[in-house]
Amino acid sequence: MADLPIAFMPLMVDALHDDRKRQTRRLLRNPEYFGCPTGDCPHQTQAECDAAMAALTRADTGYAVGDRLYVREAYYQRGYWVPVLGARTKGNRQKWAFVPAGPVQFDAPDEYRLGRHHKDPGTVAWHKRMGRFMPRALSRMTLTVTEVRVQRLQMISEADAAQEGALLPWTGTAGSACDDTRTARGEFSALWDSLHTAPGTRWEDDPWVVAVSFTVAHGNIDAEG
């Protein structure tokens, strides 16, 4: 078992909070995966395929059953910027570091900065911080991995797509006939393509993915015991 960070876009954070998301799919780290449930599967029998799936390790997929994932999401914090002495960027520019100097919140304040203000870096102000910068101590949701599968992206079923949380609740006019013809699978494919635009990673490319199922605990990972 390992404790690992995992990032989600705001729409998926909302789905987690609303208990609509129980799965996530990520591009497989090693596209030359040795076995697959369908298509170009090298196994001769389903039993061989199942055995290969059971033999998957965290080194193959990045996840394992029992792992705890602390959710990283965008947040807002008061702070300021200081230059990092002796440190330069790849473009040979001065490196700067954000210094927290106040509370954290997840709803946007009336005024905030998206990054370092080039004329006024040292004044304490609200800043929007990307999820990748969120420390473990600030995470407010913990996912426990219950299943890890490797499959082609387009193998996702309607039921699994619903568990991805991409299909938002129907918001048609009250009292009108419900003509919502969306499918969870269709909504998921559109969401996937909004995030993956490189050749070989799009829905139409049907890349290898790791499908991770999990339970959700609304609390910090270190409060879970």
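Here is how the numbers come out for the structure above:
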{"quantity": "Any strands (runs of 3 or more DSSP E) falling wholly within segment 119-225 and containing at least 2 residues that are at pLDDT 90 or above and open to solvent by 50 Å² or more (accessible area, probe 1.4 Å)", "calculated": "142-152"}
{"quantity": "Enumeration of residues in segment 55-70 that are open to solvent by 50 Å² or more (accessible area, probe 1.4 Å) and in a loop (DSSP other than H, G, I, E, B)", "calculated": "55, 57, 65"}
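Results for (1) open to solvent by 70 Å² or more (accessible area, probe 1.4 Å); (2) on the phi > 0 side of the Ramachandran plot; (3) at pLDDT 75 or above, shown as yes or no for each residue.
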| site | (1), (2), (3) |
| --- | --- |
| 39 | yes, yes, no |
| 53 | no, no, no |
| 72 | no, no, yes |
| 88 | yes, no, yes |
| 91 | no, no, yes |
| 96 | yes, no, yes |
| 99 | no, no, yes |
| 105 | no, no, yes |
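The values are calculated or read from the model by the stated rules, or taken from the named source; none is laboratory data. Here the structure is a predicted model, which means the values were calculated and not measured. SASA here: full protein model, heavy atoms, side chains in, ligands and nucleic acids out. Shrake-Rupley method; radii C 1.70, N 1.55, O 1.52, S 1.80 Å.
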